[in-house]
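**Student:** Have a look at the structure that comes next, please.
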């Protein structure tokens, strides 16, 4: 998906190489939950 608002964790990390392992451990669960919420929202709109 090519949008300036929606980013997967892999895309975000590629754009921000300064993220260290400690920070990554905190950010990964949050970003993954945002991805799942976005998917759920889109599915709700389609139903």
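**Student:** Can you pull out every residue in the range 30-47 that is part of a helix (DSSP H, G or I) and either in contact with a helix residue (DSSP H, G or I) (Cβ under 8 Å, 6 or more places away or on another chain) or more than 16 Å from residue 6 (Cα to Cα) (or both)? Give the steps one after another, and end with the answer.
**Tutor:** Start the filter on the range 30-47 by keeping residues that are part of a helix (DSSP H, G or I), which leaves 30-46.
Listed by number, the residues that qualify are 31, 32, 35, 44, 45, 46.
**Student:** Those residues that are surrounded by fewer than 10 Cβ atoms within 10 Å (Cβ to Cβ) and either touching a helix residue (DSSP H, G or I) at 6+ places or on another chain (Cβ under 8 Å) or in a helix (DSSP H, G or I) (or both), I need them from the range 14-25; list them, please. Outline the logic, then answer.
**Tutor:** The first filter runs over the range 14-25 and keeps only residues surrounded by fewer than 10 Cβ atoms within 10 Å (Cβ to Cβ), leaving 15, 17-18, 20-22, 25.
Hits for the range 14-25 are 15, 21, 22, 25.
Results for (1) loosely packed, with under 12 Cβ neighbours inside 10 Å; (2) modelled with pLDDT under 85; (3) more than 10 Å from the chain's Cα centre (by Cα), shown as yes or no for each residue.
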residue	(1), (2), (3)
4	yes, yes, yes
12	no, no, no
36	yes, no, no
39	yes, no, yes
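The values are calculated or read from the model by the stated rules, or taken from the named source; none is laboratory data. The structure presented is a predicted model; accordingly, all values stated were derived computationally and were not measured. Methodologically, a virtual Cβ is constructed for each residue, glycine included, from the backbone with ideal geometry; neighbour enumeration extends over all protein chains shown.
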